[in-house]
Amino acid sequence: MQELVFSPGPAAVFPSLAQHLQTAYSEGWLSTSHRGSRFDNLSRQTLELLRERLQVPADYLIFYVGSATECWEIIAQSLTRHKSAHFYNGSFGQKWFEYAQALRPASVGQNTGINQALSADQAIDADTDVICLTQNETSNATQVPADVLRETRQRHPDKLIAIDATSSMNGLALPIAEADIWFASVQKCFGLPAGLALMICSPKAMATAHAINENQHYNSLLRLEENIKKYQTSYTPSVLHIFLLNRVLHELPALAETHRQTQLRATAWYDLIENHPVFRPLILDKALRSETVIAVEMPDAESLARVYADAAAKGIILGRGYGKWKPSTFRIANFPALTDADVARGMDFLARWR
Ligand SMILES: *Cc1c(COP(=O)(O)O)cnc(C)c1O
């Protein structure tokens with residue numbers, strides 16, 4: 001039996017990929033030029049499907065890039081004149097801050113801890129260009145609620161707001177109009193292999209890019225803009241990924257339906273963990289808990305090693321803890337590519353485990 005993967009990235013892929021990979025090969029997509037009408041049509045349709053599914057406002061642009069990490073750099077190089085301000089509580093938010101600081105040394109970061117909502121009421125220095133938030137912190141399974149995003153926008157109307165939604169986009173409906181830059185790589189909630197990411201930019205973000213006029217990189221935002229007007233990229237993209245994304249977008253139910261399923265499954269996972277004699281949720285405040293990644297705290301290293309081994313013996317791969325939480329937690333991806341049968345099998349194993 002194929003292993004059942006609950007790691008939150010690279011994560012389980014949609015089972016239909018077996019067929020789509022075969023089709024990509026037999027239809028010649030692996031050798032299709034990225035400068036031709038066949039690719040342009042595929043790309044245009046994929047962008048339209050994304051816009052419709054994710055409810056991206058008509059005046060926002062959607063770009064193909066290589067990874068979420070690349071987006072951290074694009075934001076620093078092409079959208080940050082002086083500095084960015086980062087509010088975070090985990091490893092990914094912190095890494096983003098460090099990448100930004102490497103390119104824009106004046107950037108500032110504040111670790112708010114895992115037991116408190118990232119606050120929107122901070123004073124922000126006048127020369128801050130971008131406020132950076134990680135909507136779903138994959139390392140510790142916290143999320144920033146939609147009302148905090150809304151308050152941030154209201155309080156800082158003159159700043160750009162950038163949101164890392166790598167482990168929630170396509171699993172939850174996100175308020176795209178409440179921020180200027182959103183991004184995610186596809187190996188989490190999109191149920192695809194790693195190697196492609198999506199970046200969404202508001203007209204205000206694009207106006208800033210034009211004002212800064214940074215053009216020194218292959219992935220400078222203005223260069224990407226010039227190309228995406230023709231549905232293309234400045235480099236040779238993974239046409240295979242765009243093909244697979246297109247096929248998956250055709251199959252998925254509406255995002256509202258996926259959102260509802262994600263929330264129902266998250267409730268069931270947290271109920272199981274809270275009522276289990278050994279497991280505890282890492283995040284105690286229900287308002288801050290991620291719905292797409294669940295972090296389970298274990299009493300000691302011995303029981304953590306044992307649950308990994310017992311799961312593996314049954315063909316179930318639990319997500320390892322990450323960063324600071326690695327020695328004491330495991331994680332469960334609650335991503336759309338997992339079927340009801342997969343979730344039932346994982347829950348059955350954990351409910352019986354002692
Ligand atoms: C996985 C992840 C990243 C890194 O994604 P890459 O595609 O490896 O660059 C960044 N941010 C968050 C929140 C993630 O979960």
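The values are calculated or read from the model by the stated rules, or taken from the named source; none is laboratory data. Everything numeric here is computed off the predicted structure, so don't read it as measured data. Reconstructed Cβ throughout: ideal geometry from the backbone, glycine too, with neighbour counts over all protein chains shown. Just so you know, the surface numbers come from the protein's heavy atoms only, side chains and all, with ligands and any DNA or RNA stripped out. Shrake-Rupley method; radii C 1.70, N 1.55, O 1.52, S 1.80 Å.
Going through region 298-350 one residue at a time, which ones are open to solvent by 50 Å² or more (accessible area, probe 1.4 Å), assigned to a helix (DSSP H, G or I) and within 17 Å of HIS276 (Cα to Cα)?
Answer for region 298-350, where residues must be open to solvent by 50 Å² or more (accessible area, probe 1.4 Å), assigned to a helix (DSSP H, G or I) and within 17 Å of HIS276 (Cα to Cα): ARG306, ASP310, ALA344, ARG345, ASP348.
Only one of ARG247, ARG306, ARG280, ARG260 is of a type in the set (Lys, Arg) and in contact with a strand residue (DSSP E or B) (Cβ under 7 Å, 6 or more places away or on another chain). Can you tell me which?
Working: ARG247 fails: in contact with a strand residue (DSSP E or B) (Cβ under 7 Å, 6 or more places away or on another chain); ARG306 fails: in contact with a strand residue (DSSP E or B) (Cβ under 7 Å, 6 or more places away or on another chain); ARG260 fails: in contact with a strand residue (DSSP E or B) (Cβ under 7 Å, 6 or more places away or on another chain).
Of ARG247, ARG306, ARG280, ARG260, the one residue that is of a type in the set (Lys, Arg) and in contact with a strand residue (DSSP E or B) (Cβ under 7 Å, 6 or more places away or on another chain) is ARG280.
Tell me which helices (runs of 4 or more DSSP H) are completely within region 203-287 and hold 2 or more residues being open to solvent by 10 Å² or more (accessible area, probe 1.4 Å), within 21 Å of ALA141 (Cα to Cα) and without any contact (Cβ under 8 Å) to a residue 40 or more places away in the chain, or say none if there are none.
Values: elements: 203-212, 221-228, 239-251, 255-274.
Result: 255-274.
Conditions (1) away from the ligand (no atom under 15 Å from the Cβ); (2) charged (D, E, K, R); (3) within 12 Å of the chain's Cα centre (by Cα); (4) part of a strand (DSSP E or B), marked per residue:
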position: PRO105; (1), (2), (3), (4): yes, no, no, no
position: GLN116; (1), (2), (3), (4): yes, no, no, no
position: ALA126; (1), (2), (3), (4): yes, no, no, no
position: ILE131; (1), (2), (3), (4): yes, no, no, yes
position: VAL148; (1), (2), (3), (4): yes, no, no, no
position: GLU151; (1), (2), (3), (4): yes, yes, no, no
position: PRO157; (1), (2), (3), (4): yes, no, no, no
position: LEU174; (1), (2), (3), (4): no, no, yes, no
position: GLY195; (1), (2), (3), (4): no, no, no, no
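This table checks each residue for (1) within 16 Å of the ligand (Cβ to nearest atom); (2) under 23 Å from GLY9 (Cα atoms); (3) in contact with a Pro (Cβ under 9 Å, 6 or more places away or on another chain); (4) not hydroxyl-bearing (Ser, Thr, Tyr).
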site	(1), (2), (3), (4)
ARG38	no, no, no, yes
ASN41	no, no, no, yes
THR46	no, yes, no, no
VAL56	no, no, no, yes
GLY66	yes, yes, yes, yes
GLU70	yes, yes, no, yes
GLU73	yes, yes, no, yes
GLN77	yes, no, no, yes
GLY90	yes, yes, no, yes
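Has region 18-28 got at least one residue that is within 16 Å of the ligand (Cβ to nearest atom) and on the phi > 0 side of the Ramachandran plot?
Our first condition is that a residue be within 16 Å of the ligand (Cβ to nearest atom); within region 18-28, this holds for none.
Among the residues of region 18-28, not one is within 16 Å of the ligand (Cβ to nearest atom) and on the phi > 0 side of the Ramachandran plot, which makes the answer no.
Scan region 1-28 for residues that are touching a Ser or Thr at 6+ places or on another chain (Cβ under 8 Å) and open to solvent by less than 20 Å² (accessible area, probe 1.4 Å) and jot them down.
So the first thing to find is which residues in region 1-28 are touching a Ser or Thr at 6+ places or on another chain (Cβ under 8 Å), and the list is 8-9, 15.
Correct list: PRO8 only.
Please work out which one of (1) away from the ligand (no atom under 12 Å from the Cβ); (2) not in a strand (DSSP E or B) is the condition GLY109 fails and give its number.
Just one mismatch for GLY109, condition (2).
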